[in-house]
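The values are calculated or read from the model by the stated rules, or taken from the named source; none is laboratory data. All of these numbers come straight from a predicted model, not from anything done at the bench. So basically every Cβ, Gly included, is an ideal-geometry build from the backbone, and we count neighbours across all protein chains shown. Side chains are part of the model used for accessible areas, which takes the heavy atoms of the whole protein and leaves out ligands, DNA and RNA. Shrake-Rupley method; radii C 1.70, N 1.55, O 1.52, S 1.80 Å.
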Amino acid sequence: MRFNEKREAILDGAARQFNQHGIKGATLAEVARSVGLATNSLTYYYRKKEELASACLLRSMAAIDALAGAAQSAPSPAERVRAFLLAYVDMLADIATGRHPEMAVFNDVRAITPPHDAQVFAGYNNMFRSVRQLLRGPDAPVLTRPALNARAHLLLSLATWTRAWIFRYEPADYARVGERIADVMLNGLAQPGQRWDTTPDTEPVLEALQPDQADTREAFLRAATRLVNEHGYHGASVDRISAELNLTKGSFYHHHETKDELVSACFDRTFAAMRAVQSTVAERPGSGWQRLVLACRTMVRYQMSEHGPLLRVSAWSALPEAMRREKLRTMNRLGERFASFIVDGMADGSIRVVDPSVAAQMVSGMVNAAAELDRWIGKASADTAAELYARPLLEGLLTPA
């Protein structure tokens, strides 16, 4: 019993350190110090840092898996989704007030290397399947496998994305925020009569943010963004990025003094793309609903195009702390810019009354997680991806295909 209690205390302390500093930035010595142990005592439980990080990630996955399993007993898909989301934010409130152990976020999941990666990825897939099961049932919409996977990815991604912004609220208000998240997730944003519109062409908007594709620095940023998204900050080495472009490491250091500087530039490129889409769409005619649909379609199309993807915000955890705070603050500000379309839509009657701040963060989270969409739906055209993935957020997760 004492062994298990001490192990849980270590996992709690380690999760806090990994969440704050990333897997690479945290050390076993810091983890040991946070739980009142000497480093050699901690290694009695976990010999290496990656073994400890894997255990933290698997514990978080098991916790979410359990929440989805408990929600499965609700009688309908809508009630299951709502129960899962409310249970998740309730867990976040308990974490914030110290009533629940800290849970590791999944930002650095791709930093896990063999032999631990197989178990961690299997744990993630099991968690994903449990969340996907919430959307099944005789009264659920009939969906193709790609559509079902896209909606499960949307639900799981927006639930875990909540940790990036819910800290702005008092823990006592998390339950109320959870109700608003569930409302948007299940009922969408459209007023009755509004429909997903593919008539406005996204190309003119995309043209506003496509730089010179032959520019070497731009090529580095595209390659680095893709590799960081696929392999994590640590897996996307300078050698790997340079090899992707058939260039030397000398060429890399001609453009960027350090990898931190490169990842910072990737974030800036991502932020510039989001600003350009938001600003261009804001000037287009139409209702708030029409502009919001166009912005979402454009961003998902950009993610799936040769010019994408955008950098996943999960990469911020590996950056130095000051830079990390700056990037997360900028992402939150850009997320709030989606609220302007939502407020305009509520004013002109095209979007129903919702909490615009919560809805804007959900739209931002949807756009961010679209970078991983091809993992769950396979090869799909950009417009097909938007239909499968963005439309369920705007019209409701259980809307018919």
Yes/no for Asp344 being over 26 Å from Phe267 (Cβ atoms) and open to solvent by 20 Å² or more (accessible area, probe 1.4 Å): yes
Total residues in the range 17-51, condition in a helix (DSSP H, G or I) and touching a Leu at 6+ places or on another chain (Cβ under 7 Å): 6
Conditions (1) in contact with a strand residue (DSSP E or B) (Cβ under 9 Å, 6 or more places away or on another chain); (2) under 24 Å from Leu227 (Cα atoms); number of the one not met by Ala382: (1)
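Does Pro171 satisfy the criteria of being at pLDDT below 95 and out of contact with any Pro (no Cβ under 6 Å at 6 or more places or on another chain)?
Details: at pLDDT below 95: no; out of contact with any Pro (no Cβ under 6 Å at 6 or more places or on another chain): yes.
Considered against the rule, which asks whether it is at pLDDT below 95 and out of contact with any Pro (no Cβ under 6 Å at 6 or more places or on another chain), Pro171 comes out as no.
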Candidates Tyr88, Tyr44, filtered to the one that is of a type in the set (Phe, Trp, Tyr) and either open to solvent by 50 Å² or more (accessible area, probe 1.4 Å) or touching a Pro at 6+ places or on another chain (Cβ under 8 Å) (or both): Tyr44
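What do you reckon, is Asp355 of a type in the set (Asp, Glu), modelled with pLDDT under 90, under 20 Å from Leu158 (Cα atoms) and open to solvent by 30 Å² or more (accessible area, probe 1.4 Å)? Working first, answer last.
Details: of a type in the set (Asp, Glu): yes; modelled with pLDDT under 90: no; under 20 Å from Leu158 (Cα atoms): yes; open to solvent by 30 Å² or more (accessible area, probe 1.4 Å): yes.
No, not satisfied.
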In the range 109-122, the residues that are of a type outside the set (Gly, Ala, Ser) and open to solvent by 20 Å² or more (accessible area, probe 1.4 Å): Arg110, Thr113, Pro114, Pro115, His116, Asp117, Gln119, Phe121
Conditions (1) of a type outside the set (A, V, I, L, M, F, W, C); (2) on the phi < 0 side of the Ramachandran plot; (3) surrounded by fewer than 21 Cβ atoms within 10 Å (Cβ to Cβ); (4) free of Cβ contacts under 8 Å to residues at least 60 places away in the same chain; number of the one not met by Pro77: (4)
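Sort out which residues of the range 359-399 are assigned to a loop (DSSP other than H, G, I, E, B), in contact (Cβ under 8 Å) with a residue 40 or more places away in the chain and open to solvent by 10 Å² or more (accessible area, probe 1.4 Å), and write them in order of number.
Result: Gly378, Ala380, Ser381, Leu398, Thr399.
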Verdict on Ser60 being without any contact (Cβ under 8 Å) to a residue 60 or more places away in the chain, open to solvent by 50 Å² or more (accessible area, probe 1.4 Å) and of a type in the set (Ser, Thr, Tyr): no
All positions within the range 135-153 that are open to solvent by less than 10 Å² (accessible area, probe 1.4 Å) and either part of a loop (DSSP other than H, G, I, E, B) or out of contact with any helix residue (DSSP H, G or I) (no Cβ under 6 Å at 6 or more places or on another chain) (or both): Leu135
Total residues in the range 179-202, condition within 20 Å of Val81 (Cβ to Cβ), in a loop (DSSP other than H, G, I, E, B) and in contact with a strand residue (DSSP E or B) (Cβ under 7 Å, 6 or more places away or on another chain): 1
Residues of the range 170-189 satisfying the condition of being crowded, with 18+ Cβ neighbours inside 10 Å and within 10 Å of Leu393 (Cα to Cα): Val184, Met185, Gly188, Leu189
Complete set of residues in the range 180-198 that are free of Cβ contacts under 8 Å to residues at least 24 places away in the same chain and closer than 16 Å to Leu155 by Cβ: none
Residue identified as surrounded by fewer than 19 Cβ atoms within 10 Å (Cβ to Cβ) and either of a type in the set (D, E, K, R) or within 25 Å of Ala315 (Cβ to Cβ) (or both) among Gly25, Gly98: Gly25
